[in-house]
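The values are calculated or read from the model by the stated rules, or taken from the named source; none is laboratory data. None of the values given here were measured: they were computed from a predicted structure. A quick note on method: Cβ atoms are made from the backbone with ideal geometry, for glycine too, and the neighbour counts reach across all protein chains shown. Calculation scope for accessible area: heavy atoms of the full protein, side chains included, ligands and nucleic acids excluded. Shrake-Rupley method; radii C 1.70, N 1.55, O 1.52, S 1.80 Å.
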Amino acid sequence: MDPYRAEIWDFRGDGPLLEAFQQRLRAGDLCLIGQLRGTIAYMGWTRFDEALLQRVGIHVTLREGEAYGYGVFALPAFRGQGLSTTVGAARLRWLRAHGVRRFYGWVSADNTAIHKVQARLGYRTVASVRQIYWRVRRRLVLVNQVLYDPTDSLAEWCAPGRITFRGGITVFRRGPVR
């Protein structure tokens, strides 16, 4: 995976990947690996304590029976062959067998490939987060806009008091999410 480091959202920083992987495994994170024709072609990580996007400062503490998927990546040569769907379905079966009833993840609105995979797996969008930045010497978050439907029980993970942001003012809007 190291040659593709710049493409993997969670590993764009410095430091050896092996060290980062070992730290995640010691923390109790689960890594699912997809192998095709003798090559590790896919990885997908799962956490059970928090949903965290450090680069953008989003944090949600998970409750019992919840899990968070992150760091999903398929090597370019193996994309479009159903690997993400196959491994994603196996992950959901494993999580159900181990008592997880809610599985969350953050996905960029621009990532059409993973949106197709998620539709095949039965996922749905329950909230939307948009951050507005002020760019000076570095990016500073000015506003975090959260759109969620309070009548949707799954959307409560993005409700006031549950989701937090490292910087900026947070504005919650109620309404249907598409």
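Couple of notes before you dig in:
- Top-ranked residue of the range 144-169 - restricted to ones that are within 20 Å of the chain's Cα centre (by Cα) and of a type in the set (Ser, Thr, Tyr), ranked as farthest from residue 59 (Cα to Cα): 153
- Any hit, the range 98-110, residues being free of Cβ contacts under 8 Å to residues at least 24 places away in the same chain, over 27 Å from residue 176 (Cα atoms) and not aliphatic (A, V, I, L, M): yes
- In the range 98-117, of all residues being out of contact with any Lys or Arg (no Cβ under 9 Å at 6 or more places or on another chain) and among the basic types (Lys, Arg), the one that is surrounded by the fewest Cβ atoms within 10 Å (Cβ to Cβ) corresponds to 101.
Residue-wise test of (1) modelled with pLDDT under 95; (2) under 19 Å from residue 121 (Cβ atoms); (3) open to solvent by less than 80 Å² (accessible area, probe 1.4 Å); (4) part of a helix (DSSP H, G or I).
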{"position": "10", "(1), (2), (3), (4)": "yes, no, yes, yes"}
{"position": "13", "(1), (2), (3), (4)": "yes, no, yes, no"}
{"position": "24", "(1), (2), (3), (4)": "yes, no, yes, yes"}
{"position": "55", "(1), (2), (3), (4)": "yes, no, no, yes"}
{"position": "73", "(1), (2), (3), (4)": "yes, yes, yes, no"}
{"position": "85", "(1), (2), (3), (4)": "yes, yes, yes, yes"}
{"position": "96", "(1), (2), (3), (4)": "no, yes, no, yes"}
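- In the range 134-143, the residues that are open to solvent by 70 Å² or more (accessible area, probe 1.4 Å) and within 16 Å of residue 57 (Cβ to Cβ): 134, 135, 138, 139, 142
- Condition check for residue 49 on (1) more than 21 Å from residue 95 (Cα to Cα); (2) open to solvent by 30 Å² or more (accessible area, probe 1.4 Å); (3) modelled with pLDDT of 90 or more: one failure, at (1).
- Of all residues in the range 118-146, those that are touching a residue at least 24 places away in the same chain (Cβ under 8 Å) have Cβ atoms under 9 Å from Cβ atoms of residues that are among the aromatic types (Phe, Trp, Tyr) and not in a strand (DSSP E or B), 6 or more apart or on another chain, in 126/157; 127/157; 129/106.
- Checked across the range 59-67, the condition of being open to solvent by less than 40 Å² (accessible area, probe 1.4 Å), modelled with pLDDT of 90 or more and more than 30 Å from residue 133 (Cβ to Cβ) holds for at least one residue.
- Scanning the range 154-167 for residues being free of Cβ contacts under 8 Å to residues at least 40 places away in the same chain and either farther than 21 Å from residue 105 by Cα or open to solvent by 70 Å² or more (accessible area, probe 1.4 Å) (or both) gives a total of 2.
- The listed residue being in a loop (DSSP other than H, G, I, E, B) and open to solvent by 70 Å² or more (accessible area, probe 1.4 Å), out of 130, 124, 120: 124
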